[in-house]
Structure formats: C-alpha cells, structure tokens
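Participant: Submitted below is the structure of interest, expressed as structure tokens.
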Amino acid sequence: MIMIEPRTDRLSGRGELEMKLLEDLNPSQVEAVTHVDGPLLVIAGAGTGKTRVITRRIAYMIHEGIAPWNILAITFTKKAAGEMKERVAQLGVATGAWVSTFHSMCVQMLRPFADLVGLRASFTIYDADDQKKLYKQILQGQREFDEKDLSLVMSVISRAKNELVSPSLLEERGENPAFVGIYRAYQAALRKANAMDFDDLLYYVAKLLLENEDYRRHWTDRFRYVLVDEYQDTNHAQYVIVRELAKERGNVCATGDPDQAIYTWRGADIRNILDFEHDFPNAKVVKLERNYRSTKTILRAASEMIRNNTERKERELYTDKVETEPIKLLVCRDDEEEAEHIAAEVLRLQEDGVELRDMAVFYRTNAQSRVFEKVFSGHRIPYVLIGAVGFYERKEVKDILAYLRVLVNDSDNVSLARILNVPPRGIGNTSISRLETWAEAHGTSLLTAVREAETIQGMPARAKQSLREFLSLLDQLRTFTQKPVADLVEATIKNTRYVEMLEASGKPEDMDRIDNLEELQRAAAIYDAANPERGLAGFLEDITLLSDVDKYDENANAVPLMTLHCAKGLEFRVVFLSGLVDGLLPHYNSMETQAEIEEERRLCYVGMTRAKEKLYLTYPLERSFWGASRCSGPSRFLSEIPPDTITPGRRVTRVRRTSRRWNVDGDDEDEADRSGRHPGERGAAGAEPPQTDARARTPSRSRQVSGFSPGERVNHNTFGPGRVVQLEGSGEQAKAIVRFDDGYERKLMLKYANLTKI
DNA sequence: AGCAACCGTGTTTTT
DNA sequence: CACGGTTGCT
C-alpha cells in the first residue's frame, strides 16, 4: 500500500493539490467535499455532479491526512466502485480506500469470521437460481404451500431477512407458521451447504455488528470514515450496517436523491434518507441542484413530471445550458414499428456523427428487448444487451461453474446435485434422490453420500460405477485448483467432455453454448491477469456478485439496450425511452397504490434524466404479447410533461387504417407525424391523458369509470369481493378505496381495476 | 434410465 | 410465443 503524503505546504493557504481538488466545483460541491468530520447528507439531484463530489471528497480526505485504509465508500455497482477508485487515483493522491458494493463488502467482512455465523470461510454465495432450487426441495417436504407459492414464499422470507427479522421473531409476530417453518428449513439447508444467499450477506454482517462487540470494534477501528452512495435505495439491513459502523465517530456521508428511489420493491426504505438528520444528529445537509448533464428542455420536462409525486420534498434543479431542442415523441403502430423508428433514428444520428455508444435504448421490462434485438440485427446495428439473461446464468456456464464450486466447497449440495449427471453419465433422478435421502438421514453432505455410494442399499451397479468415475473426475480437477483459474476452467470443460455432449446433440443452439464456454475461458483468463492473488474463490465470488451493469463495456461500439433500473447512474447523449404505455410504464403490477405509481414515475424520471442532449419518447399503439395483440393508451406520465417541451417525431409514421382515429388532423391518414399528437395539445385540460383507444375499444371500461358509490359491494379479479369505502377523482383519474374481505384496503384506479358490482 | 412429445404457465424491476 | 417441467413410452 502506498503511503499518504503529508499535507503540502509549498503554497500558502490552500496547497496546490488542494486547489486542484476544489477546481471547477460550485459552492455547494465545495461545501460537500470539504466537510470531512461529522455526518453529512448530500441530496444530489440527477446530473448534479455527485460522483465528482464523492471522488473529490475521498481525495480531499486523504490529502487532509486521513489514511486511505480508514475510508470506506459503498457504491451501488462494482462498476461505479471501479470508476471511483480510478478517478481518485487520477487526482494524484494515494489510493487504498475500500470502495465496494454492500454485497462484496459483506463477503469480505464475513470470510474471516465465517465461524461466528456457523459457516466455514469457503462458503458459497447462492444466486437466485440456486435459491430457487433449495426452496423447491423444501416446499416438496411440506403440505401448506405448493410450488406455485414459490415466489411468494421467497419474497416474504427475503423481506424478513432485509428487515433483520429472524425465524423466531417472525413467529412472535404471528406470521403464518408455515412461512416460519420454511424459513427455518431454508436457513438450515443453506447452513448444511455452507452457503449464503444475497440477503444473508447483509443479514449476518448487520447482526454481528449489532450483537458482537469485538466484531464491531474490529471494523469500526478500520473504517473511520464511511461514505454511502444511492442512500435512497438502501434497505433496513444496509441502514443498520452503516449506522453501526458510523455511530461512534459520526463520520458518515450519505449521498442520494429521493426522486430516484426505485428499489422499494426489494425492501429499500426511503425513510433511511428522509430520517438521516434524525439518525445522525447535527448532520450537515448539502443540496446539489445545479445540473450539468441535460439541456434545459429535458430538465424542465423531467422536473415537471416528477412534481406530480405527492410524497416529495419540493426541489428545483437548474442548468445554465442553453440548448433547447425539444423532446421528440414518436407514436408508432406497434412495438415492432417502434423499434424500427428507433433503429432508423439511430442510423440517422450515427451519420450525423453520434457514436453508437453515446445512445441508449431504455425499457421497463426485459421482455421488451426482444423486438429491439430483432430489428437492430436486421439493420446490422451493433447493440449490447445489458442484463436480461445474464451470461453467468446460462445453463452451460452454470454447469461448469458448479464443478468449480464443488471443488471449493464440498458441502455445496445444490451445485453437486446439478452436475452429478451432467453430462449424462447414467445417474438418474432416482439415484440422486436416493443419495440425497441418505445424506439427510446421516446428517452429512451429498458429496459424502456419493463417496459412500457403495454401501447404500438399492443403488444400481451402473450408478455406482458412474459415481466412482465422477469422484475420480473431481480428483483430477482438484489438482488444478491452485493453478490459474483459466486452466481449471479449460480442464473442467475438457475432462467432463461437455463440448462433446453439445456437439453430439446437433441442435443449433448448442453451438452457441460452445461459444459461451469459450467466452467463459476468456473471462477466466482476464480474471487471472487482473487478480493474480485472489484465486478460484475470488473468481466465483465476482461472478455471483457482479451486477449486469458491471459487465457493460462503455467503449464498445454498440448501442446499449437496458431496463430503466439498469440505467440508473448512467448518462448518454441520446436516450430513447420506449414503451411509454399505461400498463408498461407504469406497469400493470405496480399501479394499484399511489406509492406504486409514484415509484413508477420516479423510474420514468430516472430514464429521462439520463439524457444529455436528445431525448426520444416512444409509444406503440398496440403491443403483441403471448401471440395476441393488445391495445393500450399512452402512459399517463406523458400527459404530465409540459406540451411545449415536446414535438412529434419528424419521421413519417405510417399508421394502419384501423388506427386511423389517431389521426386527429384527419387530412392525411398515412402521415402520423401529424397523428403524433402529443399530450399538451389539449391545453389546460391536459391533466387528462390524451384520448386513448382504450376508451374507444373497450367501452365496457369507460362505463365503469363512474357509477360506483360508497358502501357498494364490488368484486375484483385479484382481490375478490369487497366494499367501496370512498371515491375520488373523476374521468380517467377516478379512483376508489375498497375494503376487501381479506381485511386490506386498497386504492384502485377504476380505469384499470375492472371492478364489477355484486 | 433416457428421450420425446406435450402441456401449461408466465412478464416487472435485481444485488 | 417460448420456455420449462411433467408425462409416458422405449
């Protein structure tokens, strides 16, 4: 580790380096950078130079004489962490600060102390896929839930862990005993496998910090200054970790933006940022409101829209930029035409000199990426998919990785069960269950059962033979564990004869799988080069903890396609925000409560504020899914954007005759840049979204818009029967509060709720 | 034990 | 539509 240089005194007053660190910062930014001791909350609006403030602040702290290893900076993605490290280094101060995500930080805080939570240092981290397998096994062993409840069970238990609620506590709270039982069984199974899931990483660290004074002391001695980015998206466990690390010295700096809170669905608690001043008394609060990213128009459009959120502190971003190019709205026949429009626009912009990597396409759900892939491929436009089915989640990759995991952690039952018969070697499901039962009965691991297969009653001779061969295969591979990871990966692929299996199948998709395995070898080689010290365990850890954005190479000459969630923290010269349709954004599953709608609105806000120069908003009149075609109206958020910031797209949009009613001007039915009527055209009445075909096509719905009265009994497709408590709003905005017979009150948009009188 | 054909079920968002 | 899981046949 490099030693920190003592403070430079060559110049009087502020040193040369210090001047450089404060160079080009506005007064609020300087305030944030130079406030080193004591709690600090930086409310940093979109594009206000937050990353810059954080990196300068770290550099400034080091320059002030704080040892880098006493600094902990927690970011949202590893990529952000890497960039931050690099930028601090560029500022010319010694590096060595811990810059990490919550999850990888927790791994490092747990490996050396794994015994404190009853595990060994070689523990495996289970991803969603592994978790699911474990849960499935457990669900099979009881009668209260069947596999259809899997996702419910998973989310309830995950939520409990994020709230630091143990099984016993959950029980005390009177939760359904079946949940408690599954929660206990699941934790026991993880423990047996010497494994943790993502939630455990946070849970264990939080618990240890709370309950083990030596542990807390060890880490608070180390981390004397704590910075947390994206604080609005921390959950309770993460909040406790930060609080426990920082409460003694109070040297905590949180940065975030309540308007960009988009993870409440996975337990993030917006109160963490709202209550900061209460949690850390005497906190200094700095607001960054000067936006350096977007044009005036984009900024105004996004700001006006987000103002519709009621649960919000009023704030105003401003910019000195003068460009006023309007936002373009593209109305398209369907999702395919939408992709065609965007592709055409991409090509046009490329001709104008905009690099592909400076544009981005955003959408609400991963499923929407399909059309773009198809259309972009058709036009030979290079693109990169961020997220979706991640490379490391592919079957063939997971299979090979499962071998590696078993070598590191011989208790990893989930991984072992996965590969016992992959490639097929005559060990069928019956034999595997027999082994599992035996392991269960003898209180030992699945691998031990495999080793003892000879003595297990009823094990077919053929299976026994195969298991012997399997064990010797593992032994062969074990000789590679101290060698470079790339060598081990290569040996695994070779010795398992995995490629031979794929070649033999003759299926075209299996050829792609072979490519993927080569890709895996390359990834391992890159890892080896970058991390000569960290070894196999580090490789496996990175793979499970790397986020999708981490894997995105912004230097590639390709248009990135990503969900709005992935877009957070990024910026592009040109942004295409697609699928602006009610039901997609806001999403069907997130429009029942006001809080849900507001989170969707924040998501839209995040998307819009990524754009530096040009913003395109697009919506299809129809979308095909599950084979059928469906109509939906434009997103309600469109009507919240000031009309004078929007102009119809200049591309000619051909509208099918059936959609002719969209052509308000009516004089040229094939020219939809006229039908690209935008929300504001209705003037002050624009609070109501543009007339949608939803009304025209489904008159049954429009009849329901009014016609309910309090006290009336109604039925809802999902929630069943209930009684109307209160009505509010009218027309498109009409809502009803209904007390359902399950005891819960829900606020429903009548337009979508499909309530029927009973 | 392994393979093929069929069925049914599902789309938020992710560390 | 597209995938994964189950069934039933060999």
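The values are calculated or read from the model by the stated rules, or taken from the named source; none is laboratory data. Predicted, not measured: the structure shown is a model, and the values here were computed from it. All Cβ positions, even for glycine, are placed from backbone atoms using ideal geometry, and neighbour counts span all protein chains on display.
Participant: For the range A:136-155, name all the residues that are within 13 Å of DNA strand B (Cβ to nearest atom) and assigned to a helix (DSSP H, G or I).
Facilitator: Just the residues of the range A:136-155 that are within 13 Å of DNA strand B (Cβ to nearest atom), to begin with: A:146-152, A:154-155.
A:Glu147, A:Lys148, A:Asp149, A:Leu150, A:Ser151, A:Leu152, A:Met154, A:Ser155, listed by residue number.
Participant: Hey, another quick one. Out of (1) within 14 Å of DNA strand B (Cβ to nearest atom); (2) modelled with pLDDT under 90; (3) farther than 20 Å from A:Glu311 by Cβ; (4) aliphatic (A, V, I, L, M), what's the single condition that is false for A:Ala556?
Facilitator: (1)
Participant: Kindly provide the set of residues from the range A:161-188 that are farther than 18 Å from A:Asp146 by Cα, without any contact (Cβ under 8 Å) to a residue 24 or more places away in the chain and assigned to a helix (DSSP H, G or I), ordered by number.
Facilitator: Of everything in the range A:161-188, those that are farther than 18 Å from A:Asp146 by Cα, without any contact (Cβ under 8 Å) to a residue 24 or more places away in the chain and assigned to a helix (DSSP H, G or I) turn out to be A:Pro167, A:Ser168, A:Leu169, A:Leu170, A:Glu171, A:Glu172, A:Gln187, A:Ala188.
Participant: Given the criteria among the small types (Gly, Ala, Ser) and within 14 Å of DNA strand B (Cβ to nearest atom), does A:Ser122 qualify? Steps first, answer last, please.
Facilitator: Numbers: among the small types (Gly, Ala, Ser): yes; within 14 Å of DNA strand B (Cβ to nearest atom): no.
Answer is no for this residue.
Participant: Take the conditions within 26 Å of the chain's Cα centre (by Cα) and surrounded by fewer than 17 Cβ atoms within 10 Å (Cβ to Cβ) and apply them to A:Lys374. Does it pass? Talk me through it step by step, then tell me what you get.
Facilitator: Numbers: within 26 Å of the chain's Cα centre (by Cα): yes; surrounded by fewer than 17 Cβ atoms within 10 Å (Cβ to Cβ): yes.
Yes; evaluated as a whole, the condition is true for this residue.
Participant: Collect the residues in the range A:536-553 that are at pLDDT 80 or above, buried (at least 18 other Cβ atoms within 10 Å of the Cβ) and not aromatic (Phe, Trp, Tyr), keeping them in residue-number order.
Facilitator: If we filter the range A:536-553 for residues that are at pLDDT 80 or above, which is where we start, we get A:536-545.
If we keep only those that are buried (at least 18 other Cβ atoms within 10 Å of the Cβ) too, we end up with A:536-537, A:539-545.
Passing the criteria: A:Leu536, A:Ala537, A:Leu540, A:Glu541, A:Asp542, A:Ile543, A:Thr544, A:Leu545.
Participant: For A:Leu110, state whether it is in a loop (DSSP other than H, G, I, E, B) and of a type in the set (A, V, I, L, M, F, W, C). Please lay out each step first, then the result.
Facilitator: On the way: in a loop (DSSP other than H, G, I, E, B): no; of a type in the set (A, V, I, L, M, F, W, C): yes.
The answer is no for A:Leu110.
Participant: Further, regarding this structure: Please enumerate the residues belonging to the range A:404-431 that are charged (D, E, K, R), more than 9 Å from DNA strand B (Cβ to nearest atom) and surrounded by fewer than 23 Cβ atoms within 10 Å (Cβ to Cβ). Reasoning before the result, please.
Facilitator: First, pick out the residues of the range A:404-431 that are charged (D, E, K, R): A:405, A:410, A:412, A:418, A:425.
If we keep only those that are more than 9 Å from DNA strand B (Cβ to nearest atom) as well, we get A:405, A:410, A:412, A:418.
Selection gives A:Asp410, A:Arg418.
Participant: Mind listing just one residue for me: the one in the range A:633-647 that is part of a strand (DSSP E or B) and surrounded by fewer than 24 Cβ atoms within 10 Å (Cβ to Cβ) and, of those, modelled with the highest pLDDT?
Facilitator: A:Ile646
Participant: If I filter the range A:379-432 down to residues being in a strand (DSSP E or B) and more than 15 Å from DNA strand C (Cβ to nearest atom), which single residue comes out as modelled with the highest pLDDT? Let's see the steps before the verdict.
Facilitator: Applying the first criterion (in a strand (DSSP E or B)) to the range A:379-432 yields A:383-385.
If we keep only those that are more than 15 Å from DNA strand C (Cβ to nearest atom) too, we end up with A:383-384.
Values: A:Tyr383: 90, A:Val384: 87.
Selected residue: A:Tyr383.
Participant: Taking the options A:Thr101, A:Thr51, A:Thr55, name whichever one is within 16 Å of DNA strand B (Cβ to nearest atom) and either under 26 Å from A:Val606 (Cα atoms) or surrounded by fewer than 19 Cβ atoms within 10 Å (Cβ to Cβ) (or both).
Facilitator: Numbers: A:Thr51 fails: within 16 Å of DNA strand B (Cβ to nearest atom); A:Thr55 fails: within 16 Å of DNA strand B (Cβ to nearest atom).
Criteria check complete, one pass: A:Thr101.
Participant: Out of the residues in the range A:614-632 that are away from DNA strand C (no atom under 16 Å from the Cβ) and either modelled with pLDDT under 75 or within 15 Å of A:Arg333 (Cα to Cα) (or both), state the one that is surrounded by the fewest Cβ atoms within 10 Å (Cβ to Cβ).
Facilitator: Initially, the range A:614-632 is screened for residues away from DNA strand C (no atom under 16 Å from the Cβ), giving A:614-621, A:631-632.
This time we only want the ones that are either modelled with pLDDT under 75 or within 15 Å of A:Arg333 (Cα to Cα) (or both), so: A:617-621, A:631-632.
Numbers: A:Leu617: 27, A:Thr618: 25, A:Tyr619: 25, A:Pro620: 26, A:Leu621: 27, A:Cys631: 18, A:Ser632: 20.
Selected residue: A:Cys631.
Participant: Here is a list of conditions, (1) within 16 Å of DNA strand C (Cβ to nearest atom); (2) touching a residue at least 40 places away in the same chain (Cβ under 8 Å); (3) assigned to a helix (DSSP H, G or I), and A:Ser158 meets all of them except one; can you say which number that is?
Facilitator: It is condition (1) that A:Ser158 fails.
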